[in-house]
1. How much length is gained if the chain between K71 and E117 is pulled fully straight, taking 0.36 nm per residue apart and subtracting their Cα-Cα distance, in nm to one decimal?
2. What FRET efficiency would be calculated for the residue pair F272, T48, taking the C-beta separation as r and a Förster radius of 60 Å, to the nearest 0.05?
3. In square angstrom, rounded to the nearest 10, how much accessible surface does E376 have for a 1.4 Å probe?
4. For a Förster distance of 30 Å, can you work out the FRET efficiency between the beta-carbons of D183 and K128, rounded to the nearest 0.05?
5. Whole-Hz Karplus ³J(HN,Hα) for the stretch 40-56, in order, using 6.51 cos²θ - 1.76 cosθ + 1.60 and θ = phi - 60°, x for Gly and Pro?
6. Tell me, what ³J(HN,Hα) does each residue in the stretch 286-300 have, in order and in whole Hz, if you take phi through Karplus 6.51 cos²θ - 1.76 cosθ + 1.60 with θ = phi - 60° and put x for Gly and Pro?
7. Report the accessible area of K44, computed with a 1.4 Å probe over the heavy atoms of all protein chains in place, in Å² rounded to the nearest 10.
8. Search the structure for amide H atoms under 5 Å from the amide H of A197, placed 1.01 Å from N in the peptide plane, and list their residues when 5 or more places away or on another chain.
Amino acid sequence: LHSHGFWRPKSLLDTTRFTLSFSSWHRKKHQDSRALWNHEPVQKYLETLSKEYEQVSHLLSTDSINDFEQKTLRRRRANLSPIAAAFQQIKEAEREVHELEAMCRELDSRDEKQLLELALEEKETLDKNINVLCRKLFQLLVPEGKYDRSHVILEVTAGRTTGGDICQQFTKEMFEMYQNYADYKRWTFDILNYVPAEIGGLHHAAAHISGDDVYRHLKYEGGTHRVQRIPETGMSSRMQRIHTGTMSVIVLPEPEEVDVKVDPKDLRIDTFRAKGAGGQHVNKTDSAVRIVHLPTGLVVECQQERSQQLNKEIALQTLRAKLYQQIIEKQLSQEQSSRKLQLGTRAQSERIRTYNFTQDRVTDHRISYDARNIKEILSGKEALDKLISRLLEFAEVEAVTEHLENLQTLEEGC
């Protein structure tokens, strides 16, 4: 059996050994799939997989293997097939690009200007297609995250700063951004808790978001988000003084019932009157629920529903998610201890992004990526989706790079 659980004949192992060399390749900020594709060790690795696919297919066409070997080889071929297909598609597209470039160099006369424009237009289309195929190829190489398909519980909390209201206003804008993003992705966004500030901002809020691959898209949103802006009112607004504030985002994959067991004896449940919007009912009944998990000290609240029982059920759901998060963080800490890029839920206290309103710029510090038009990003639609896509691509490239570096270590140790 191969070290990854796949059977390969000895002759294939002998013919596919290769040496990786990353010592001369420094990791670049904004590293993307196309840049990684152009790196020679990556090409060698993909060529070995493509050759292995051909040899496995050949072996399956012979009668020299038993039923157990056939079953194992079919599984291996199924895994390699989409990788080999994408690899060949990119190679073919690159050949077409080179042919077009050669043709363009020969088209100089005025009579051939229209033909040149068509060739350049086709080259641009092919380049875009290659970028898409490279991204698809490396997604095939990166195993799906354990929690990527999970629904999530998303929490936002205002930070503290001089002036106070700048953090609360920004927290409200961020919560609405994620609500709009859920609508853009056709997810379901259910508010679990909402504690408004007196001057129109937001102290804290939580929502349950369900849909396809929610955690995969939102897992890198967790952390401290910083805002820099001139307040709309007060002395600072008149003096054009920039204030800096923060808010934090926590993204928890939703656990299933069987994942986390909560002993009722470990809970202290309090009820109180809800605060904020909700009409006269809010001030007349103790419908809000606060649950304290005594062994860990975790506290959760819910006051969104009129029914105390419903609020209790939602609070328990949130508590299980937080307990589940502790388990995940421990696992991630073990799995990612050697990762060059620290993304995800382990770094909730780190400043991950800055929203500079005076310069109309959003900067993600983990990938040194700048995006313009803050309003477009805060609208929670295409601009935010593009930023999140860049984060995912950067993480995928890091994962592939780390995998190849590990292979290099194995080669050197053999």
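1. Taking 0.36 nm per residue and subtracting the Cα distance, the gain is 11.4 nm.
2. Calculated transfer efficiency: 0.40.
3. The value for E376 is about 100 Å².
4. The formula returns an efficiency of 0.60 here.
5. Karplus-based 3J(HN,Hα) across the stretch 40-56 equals 4, x, 5, 4, 4, 4, 5, 5, 5, 5, 5, 5, 5, 4, 5, 6, 5 Hz.
6. Listing the rounded values in order: 8, 8, 6, 10, 10, 10, 10, 8, 4, x, 10, x, 5, 10, 10 Hz.
7. 80
8. L202, H203
The values are calculated or read from the model by the stated rules, or taken from the named source; none is laboratory data. Every value quoted in this text rests on a predicted model; they were computed, and no experiment measured them. Heads up, the Cβs are rebuilt from the backbone with ideal geometry, glycines too, and the neighbour counts pull from every protein chain shown. The protein model used for the area step is the full one, side chains on, heavy atoms only, and it has no ligands, DNA or RNA in it. Shrake-Rupley method; radii C 1.70, N 1.55, O 1.52, S 1.80 Å.
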